[in-house]
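The values are calculated or read from the model by the stated rules, or taken from the named source; none is laboratory data. Everything numeric in this text was worked out from a predicted model, so none of it was measured. For neighbour counting, all protein chains shown are included, and Cβ atoms are generated from backbone atoms with ideal geometry for every residue, glycine included. Heavy atoms of the whole protein, side chains included, go into the accessibility calculation; ligands, DNA and RNA do not. Shrake-Rupley method; radii C 1.70, N 1.55, O 1.52, S 1.80 Å.
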Amino acid sequence: MPDFPEHITKLQPYVPGLAITSLASELGISPDDIVKVASNENPLGPSELALRALAEASSEIALYPDNDSLELTAAIAAVHNVPPEWVVVGSGSEAVLSMAAVSLLTHGRQTVYSQYSFQAFAGAAQRVGATAVVVPSPDFVVNLEELLDKINEQTALLYIANPGNPTGTFIGNAEIEGFLKRVPKNVVALLDEAYYEYLSPGERPRSVELVHEYPNLLVTRTFSKAYGLAGLRVGYGIAQPEVADMLRRVRAPFSVTRMAQIAATAALKDDDSLARTVASNASGLRFLYEAFDKLGLEYVPSYANFVLVKVGDGPQMSQRLNRRGVIVRPLKSYGLNEWIRISVGSAAENEQVVAALGKELGSH
Ligand SMILES: Cc1ncc(COP(=O)(O)O)c(C=O)c1O
């Protein structure tokens, strides 16, 4: 028997949303007839500029990517008005979350994050054998006060998703600033802002500006959500050079593909596509809230592109919806048995989801 260390044998595999192709073959229907609202993807797809850039560059895939993603890094740095040395690109922001764990955590060190946080935080800590301290969150909002309380000499990294997934809840700028002031300088605070673009301009925390003030702050963003490039795997972190350099050291070589770099660089220029996505998401959320109200379902108002909704038996409802060709996210692995998470789809998809939910609840 190969001798894997205990922290590896105890790892639970990541459970992604059910794949469209799996359900289509199970139900014997076309994948086109399945609505997948389980992975917080962009129902409008990627920007036309990204698609065009990809088509033009497709013959270049015989070449390795630029290991430093120089062009993309420069484009991100320009958008955020920071030096390129502050930007670390990764194969999805998940890779950046993981780089933070690999560079900061090890046996005997600890990370602190909130209950009902993005699963990847737990995975990243476990893979390096670190301890994870989970702060209760009965109201689904990250309890920053308790997070601070849990910091001790072993703590090296704090993970906060803002807005959170699967909760969809959000912490405003004043609270974030008040919190950062109190985080010890030797502890890195990672603000995972995968859903930042969905916030209205007035709500958005000035997180990147705060990186100038806090050398222990790492902000992560992604091209997987509002930019519609989830399948290419590209995201980034912004931090001062002391942190950014260490992350780069633990990044796997050539891990951000050539196509990902090209598409993300083009997508950053497409403000119209981003604006369409954000507007469509806002109207989709309003539609879903209204439908849930009519169906008498409790839900958590969301700042992102999905909603947490209480359906009684989440795994069972999810299976019943599957039989109607609708894939939602059951949340048993998060300890949220009574809830499911529904991503905001296109207008047509949202209608199909609500119709299926209505039929299952016997109200339509
Ligand atoms: C809170 C949060 N952070 C990060 C990610 C990772 O996204 P990606 O690795 O695609 O950038 C997700 C994806 O669902 C998420 O919900």
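Listing for the model above:
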item	result
From phi via Karplus (6.51, -1.76, 1.60), per-residue ³J(HN,Hα) for segment 339-346 in Hz, x at Gly/Pro	10, 10, 10, 10, 6, 6, x, 6
Point-charge dipole on Cβ atoms (K/R +1, D/E -1) for the chain, about Cα centre, debye to 20	540 debye
Computed Rg/Rh of segment 49-267, alpha carbon atoms with Kirkwood Rh	0.96
Carbon + sulfur, % of accessible area of segment 168-317 - ligands and nucleic acids excluded, 1.4 Å	53 percent
Theoretical ellipticity at 222 nm over the chain - DSSP helices of four or more residues, -39500 (n - 2.57) apiece, nearest 500	-12000 deg cm²/dmol
Relative packing of 112-124, 322-334, 289-301, which averages over residues the other C-beta atoms within 10 Å, highest first	112-124, 322-334, 289-301
Amide H contacts under 5 Å for ILE327, placed H, 5+ residues apart	VAL35, LYS36, VAL37
Surface per residue (accessible, 1.4 Å probe) for segment 49-267, Å²	39 Å²
Interchain or long-range residues, amide H under 5 Å from THR155's placed H	GLN110
Highest average packing first - 308-320, 56-68, Cβ atoms within 10 Å	308-320, 56-68
Between segment 68-136 and segment 180-223, the alpha-carbon center distance in angstrom	12 Å
Charge dipole (debye, nearest 20) of segment 1-155; +1 at Cβ of Lys and Arg, -1 at Cβ of Asp and Glu	340 debye
Ordering of 262-275, 129-142 by packing [mean C-beta count within 10 Å, highest first]	262-275, 129-142
Integer Hz, Karplus 6.51/-1.76/1.60 couplings in order for segment 159-166, x for Gly and Pro	10, 9, 8, 9, x, x, 10, x
Carbon and sulfur %, accessible surface of segment 124-167 computed with the full protein complex present, 1.4 Å	49 percent
Average projection area in nm² (convex hull over Cα atoms of segment 243-350, one quarter of hull surface)	10.2 nm²
Coil-residue trypsin sites (Lys or Arg not before Pro) of segment 1-107, DSSP, other Cβ within 10 Å capped at 16	LYS10
Efficiency of FRET between GLN115 and GLU60 - r from beta-carbon atoms, R0 56 angstrom, step 0.05	0.80
